[in-house]
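**Student:** What follows is a structure written as structure tokens; I'll ask about it next.
The values are calculated or read from the model by the stated rules, or taken from the named source; none is laboratory data. On a predicted model such as this, the values are computed, not experimentally measured, just so you know. Don't worry about glycine lacking a Cβ; one is built from the backbone with ideal geometry, like all the others, and counts go over all protein chains shown. Surface areas here come from the heavy atoms of the whole protein model, side chains and all, with no ligands, DNA or RNA. Shrake-Rupley method; radii C 1.70, N 1.55, O 1.52, S 1.80 Å.
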Amino acid sequence: MLRILHQLWRVGVATEPPPATDAAALEALGLELHRAIEARFRHSLAIRVVDAGSCNGCELEIHALANPYYDIERFGVSFVASPRHADALLVTGPVSRHMETALRRTWRAMSAPKFVIAAGQCACGGGEFGGSYASCGAVEKVLPVDVKIPGCPPSPEDLMRGLLAALRVDETTVSESCGESA
Amino acid sequence: MSAKQDLGTQLHQVGINTRSYSGVANLPALIISAADWGPAAAVAKAQDWRWAGSWADTDAGRMHLYALLAQGGEYLLLTAQAPLERPEFTSHTPHYPAADRLERHARDLFGVIYSDHPDGRRWTRHQAWPQDWHPLHPAAEVRTQGRTAADSSYPFITLRGDGVFEIPVGPVHAGIIEPGHFRFHAAGETVLRLEERLGYTHKGIEALAVGRNPAGLLHLAARVSGDSAVTHAWAASQAMERAVGATVPPRALALRGLLAERERVANHIGDIGAICNDVGFAFAQVQTSRLRERWQRRNREIFGHRLLMDSVVPGGVAHDLNTTQITTLRADHATLRQAVEPLFDIFDDHPSLEDRLVTTGHLSAEDAGALGCTGYVGKASGQALDLRHDAPYAPYHELLINVPVQSEGDVAARVRVRMAEVHMSLDLMDHLLRTLPVGDIHAPLPNPPAAACGLGLIEGWRGETLAFVRFDASGCIARYFPRDASWFIWPALERLIHGNIVADFPVCNKSVNGSYAGVDL
């Protein structure tokens with residue numbers, strides 16, 4: 001126990017302030033959507049992640065959102081296990097044909113209001129794999145997509161900027177709660 | 001006597017005719033007949049050859065099968081062919097259980113007929129195309145496709161008995177993880193049987209590779225499994241370079257070694273924390289994910305990508321290092337060495353971790369050997385296999401590799417192997433930077449002769465990784481097959497979960513960490 005406490009004391013707080021969301025990014029993500037989330041989700045967003053065929057690069061970066069540098073949960077964003085609990089569906093990968101039905105069913109299991117975020121180049125536009133005998137291509141070929149976060153894979157900053165912009169959380173409203181960066 | 005002559009002689013003794021084959025650059029190979037395909041495996045098995053993968057190819061109106069065997073540091077390729085109209089072979093699976101899924105993959109995608117394969121069920125194919133249509137067979141016509149139904153009729157093997165129940169899990173899992181289906185049979189808390197059903201992320205990588213140029217192939221190879229971007233790109237690149245007889249500058253090779261070790265460290269550190277987290281020891285996850293994040297940020301700063309994608313290019317690497325960057329990296333190594341020491345010390349003997357990790361998910365040395373496990377899964381179960389040591393390719397031929405082997409075969413042993421590998425990688429990277437040769441970081445690939453073939457073999461962080469490449473007459477890719485180490489990790493998971501409680505499945509799974517994308521292709 002002492003070793004653990006010593007380690008915690010030595011490392012301190014690594015968490016950083018969130019990235020700035022500039023006006024252009026907000027514009028791109030759709031102002032209308034922000035209003036809807038603000039009104040409907042009250043600054044809190046429960047996300048269900050579905051890998052619909054990615055190379056797993058996007059998953060690694062979504063995982064990184066939970067590390068102490070980003071600590072995405074402090075902004076009210078949580079990743080939930082059941083689509084029944086989710087406000088948003090975060091989809092990675094091109095939609096492989098073998099995942100098509102599972103993805104549709106996950107989306108159907110979510111209660112309205114709900115929206116879909118496509119994360120990564122493949123989810124946004126088909127990316128490296130595109131459409132083929134085995135792949136439907138971009139997520140929007142299968143589900144209505146509300147927000148796109150490009151990148152191969154999108155970095156945690158890109159993901160956060162996309163999500164935070166969607167939530168209209170910016171530096172001024174959260175800087176008091178996140179403490180000093182290490 | 002070479003290993004090839006040795007096996008050739010043994011095959012002759014049982015009446016199997018062989019001919020030498022030199023179609024794959026620098027690799028000893030034997031041609032046998034399609035009917036002898038299975039019997040030859042029986043002889044190889046009796047001679048203790050390790051089975052390291054099999055794949056199909058079609059060329060000049062024939063179906064070609066290849067299988068790679070290994071013994072010590074020696075590799076031997078077996079090949080056989082049959083007419084495209086009826087590509088019938090006997091099977092390796094009765095002799096090598098590791099061959100099961102790779103043969104079913106070739107059956108689904110190419111229409112290879114294995115006359116005595118013990119499992120007639122589909123593997124990579126779900127419901128996106130019919131049984132009699134084979135996407136990689138040259139005669140496959142383009143199909144129009146509507147919605148693809150769920151593969152709900154897959155015939156899982158069922159157990160019956162008092163108190164035995166099934167738990168279906170997936171393809172959509174509770175966490176942020178790749179899709180796959182697990183069918184558990186349990187009695188009370190104890191798992192009696194686990195059957196995996198993968199193939200959900202199949203997106204036709206082998207078909208997408210056809211017609212690409214070398215640079216395009218490496219872009220794709222880096223995305224076979226995102227966590228192994230360097231491994232697969234290097235294997236594909238090595239295959240192409242061997243096929244065309246290219247010489248890669250020594251500085252580029254040293255930098256590739258550096259990149260591969262950086263990938264190993266990032267994955268090991270992340271996974272060690274995740275394994276501890278799966279038994280409720282969140283402290284470990286927080287600490288290691290912090291170290292991993294700093295590592296990845298340095299990747300982006302110096303190599304342009306957090307996961308090192310597209311850092312390996314045909315004939316070399318994309319980024320050179322200047323002296324400042326070398327100093328920065330060496331300082332990073334020192335910092336990481338210092339940072340992991342107190343952490344690994346805790347993970348090694350913390351009582352609550354010991355309670356959950358020691359004896360959990362035990363894989364016997366016999367099973368690991370029979371399933372062909374390499375990497376940390378094999379090493380933790382007594383398999384002292386490491387390409388960097390056994391058949392060292394540049395730059396490892398000049399480095400000292402101490403393969404960390406454990407005999408316990410449990411989750412704790414796999415964690416110990418990975419901790420030892422982090423230390424070893426740091427030493428290797430320091431050595432590579434200290435002795436970094438001067439010169440170019442890439443050389444242009446010569447034009448490939450028509451039908452040039454090459455095989456790349458790289459020790460990725462998961463273990464031995466293979467890539468087969470064949471060029472067409474115009475210098476484009478005619479065939480690419482990447483064999484991730486996960487092909488032999490997934491069957492090991494089905495074995496090692498026996499007798500464990502259902503609730504320990506996540507930690508057992510994480511401790512072996514097979515790639516879904518890497519095998520679904």
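**Student:** Sort B:433-441, B:477-485, B:215-223, B:394-402 for me by packing, meaning the mean count of neighbouring Cβ atoms within 10 Å per residue, highest on top.
**Tutor:** My ranking of the peptides, most packed first, is B:477-485, B:215-223, B:394-402, B:433-441.
**Student:** Taking H placed 1.01 Å from N in the peptide plane, check which residues at least 5 places from A:SER135 or on another chain put their amide H under 5 Å from its amide H.
**Tutor:** Amide H neighbours of A:SER135: A:ARG97.
**Student:** Taking beta carbons within 10 Å but only from partner chains, what does the mean come to for residues B:306-315?
**Tutor:** The mean count of partner-chain Cβ atoms within 10 Å per residue comes to 2.
**Student:** Then there is this: Express in % the proportion of alpha carbon pairs of the stretch B:113-196 at distances exceeding 16 Å.
**Tutor:** Distances greater than 16 Å cover 67 percent of the Cα pairs.
**Student:** Continuing with the same structure: Determine the alpha carbon to alpha carbon distance for each of B:LYS45/B:LYS203; B:LYS4/B:LYS203; A:LYS148/B:LYS203 and list only those over 26 Å.
**Tutor:** Table pairs above 26 Å Cα-Cα are B:LYS45/B:LYS203; B:LYS4/B:LYS203.
**Student:** OK, next. Could the peptides B:118-131, B:160-173 be put in order, highest first, of the mean number of other beta-carbon atoms found within 10 Å of their residues?
**Tutor:** By packing density, highest mean first, the sequence is B:118-131, B:160-173.
**Student:** Sticking with this one: Mean shadow of the stretch B:386-521, computed from the convex hull of its alpha carbons, in nm²?
**Tutor:** Projected area, direction-averaged: 10.8 nm².
**Student:** Turning to a different aspect of this structure: DSSP beta bridges in the stretch B:3-114, what fraction antiparallel, as a percent rounded to 5?
**Tutor:** Bridges in the stretch B:3-114 are about 80 percent antiparallel.
**Student:** What's the extension gain from B:HIS389 to B:GLU366 if we count 0.36 nm per residue and subtract their Cα-Cα distance?
**Tutor:** Length gained, B:HIS389 through B:GLU366: 6.1 nm.
**Student:** In addition: Tell me which aspartates and glutamates have Cα within less than 17 Å of A:LYS141's Cα, excluding those fewer than 8 residues away on the same chain?
**Tutor:** A:ASP51, A:GLU100, A:GLU128
**Student:** How many percent of Cα pairs in chain B exceed 30 Å?
**Tutor:** 48 percent
**Student:** Only bridges with both residues in the protein assembly as shown count here: give the DSSP antiparallel percent, nearest 5.
**Tutor:** Antiparallel bridges make up about 70 percent of those DSSP assigns within the protein assembly as shown.
**Student:** Rounded to the nearest 100 Å², what is the buried accessible area between A and B, both sides summed, probe 1.4 Å?
**Tutor:** Adding both sides of the contact gives about 4600 Å².
**Student:** Aspartates and glutamates near A:LYS114 by alpha-carbon distance under 14 Å, same-chain residues fewer than 8 away left out - which ones?
**Tutor:** Of all the aspartates and glutamates, those that pass the test against A:LYS114 - Cα under 14 Å, at least 8 places apart if same chain - are A:GLU38, A:ASP87, A:ASP146.
**Student:** Using only Cα atoms, locate the centre of the stretch B:504-521 and the centre of the stretch B:276-340, then give the distance between them in Å, rounded to an integer.
**Tutor:** After rounding, the separation between the Cα centres reads 22 Å.
**Student:** Can you show me the helix-derived [θ] at 222 nm for chain B, built from DSSP H runs with n ≥ 4 at -39,500 (n - 2.57) apiece and divided by the number of residues, rounded to the nearest 500.
**Tutor:** Calculated mean residue ellipticity at 222 nm is -12500 deg cm²/dmol.
**Student:** Take every DSSP beta bridge whose two residues both sit in chain B, then give the antiparallel share in percent to the nearest 5.
**Tutor:** Taking every DSSP beta bridge with both residues in chain B, the antiparallel ones total about 90 percent.
**Student:** Expected output is a single nm value to one decimal: the length gained when fully extending between B:ASP116 and B:ARG62, i.e. 0.36 nm times separation in residues minus the C-alpha distance. What is it?
**Tutor:** Once the chain is fully extended between B:ASP116 and B:ARG62, it gains 17.4 nm.
**Student:** Kindly report the accessible area of the protein assembly as shown per residue (heavy atoms of protein chains, probe 1.4 Å, no ligands, DNA or RNA), in Å².
**Tutor:** For the protein assembly as shown, the per-residue accessible area is 36 Å².
**Student:** Convert each backbone phi in the stretch A:112-119 into a coupling constant with the Karplus relation 6.51 cos²θ - 1.76 cosθ + 1.60 (shift: θ = phi - 60°), then list the ³J(HN,Hα) values in order as whole Hz, x for Gly and Pro.
**Tutor:** 7, x, 9, 9, 10, 10, 9, 10
**Student:** What are the ³J(HN,Hα) values, in whole Hz, obtained from phi via the Karplus relation 6.51 cos²θ - 1.76 cosθ + 1.60 with θ = phi - 60°, for each residue of the stretch B:84-95 in sequence order, with x given for Gly and Pro?
**Tutor:** 4, 5, 9, x, 9, 9, 7, 9, 7, 4, x, 9
**Student:** Compute the FRET efficiency between B:ALA187 and B:VAL358 as 1/(1 + (r/R0)^6), taking r as their Cβ-Cβ distance and R0 = 25 Å, and round to the nearest 0.05.
**Tutor:** 0.55
**Student:** If I model a spin label as a point 7 Å beyond the Cα along the Cα-Cβ vector, how far apart are those points for A:GLU73 and B:LEU159 in nm?
**Tutor:** With each label point 7 Å from Cα toward Cβ, the separation is 3.5 nm.
**Student:** In debye to the nearest 20, how big a dipole does the protein assembly as shown give about its Cα centre with +1 on each Lys and Arg Cβ and -1 on each Asp and Glu Cβ?
**Tutor:** 1000 debye
**Student:** Residues with beta-carbon under 12 Å from that of B:PRO171, excluding B:PRO171: net charge, scoring Lys, Arg +1 and Asp, Glu -1?
**Tutor:** Neighbourhood net charge equals -3.
**Student:** For the stretch B:489-497, just list the computed ³J(HN,Hα) in residue order, Karplus coefficients 6.51, -1.76 and 1.60, θ = phi - 60°, integers in Hz, with x standing in for Gly and Pro.
**Tutor:** Running phi through 6.51 cos²θ - 1.76 cosθ + 1.60 with θ = phi - 60° gives 7, 4, x, 5, 4, 4, 6, 6, 7 Hz.
**Student:** Per residue and in cubic angstrom, what volume does the convex hull of the Cα atoms of the stretch B:1-72 have?
**Tutor:** Normalising the Cα hull of the stretch B:1-72 by residue number yields 99 Å³.
**Student:** Can you tell me how the protein assembly as shown classifies by the Cα gyration tensor, rounded, prolate or oblate, using a/c under 1.5 as the rounded cut?
**Tutor:** The shape class here is rounded.
**Student:** So what is the orientation-averaged projected area of the stretch B:329-429, using the convex hull of its C-alpha atoms, in nm²?
**Tutor:** Hull-based average projected area comes out at 7.0 nm².
**Student:** About the Cα centre of the stretch B:28-93, what is the dipole size in debye to 20, counting +1 per Lys and Arg Cβ and -1 per Asp and Glu Cβ, all else neutral?
**Tutor:** About 100 debye.
**Student:** What's the carbon and sulfur percent of the stretch B:3-114's accessible surface, probe 1.4 angstrom, rounded to a whole number?
**Tutor:** 48 percent
**Student:** Simple spin-label model, 7 Å along Cα-to-Cβ: B:ALA46 to B:ASP348 in nm?
**Tutor:** Roughly 4.7 nm, to one decimal.
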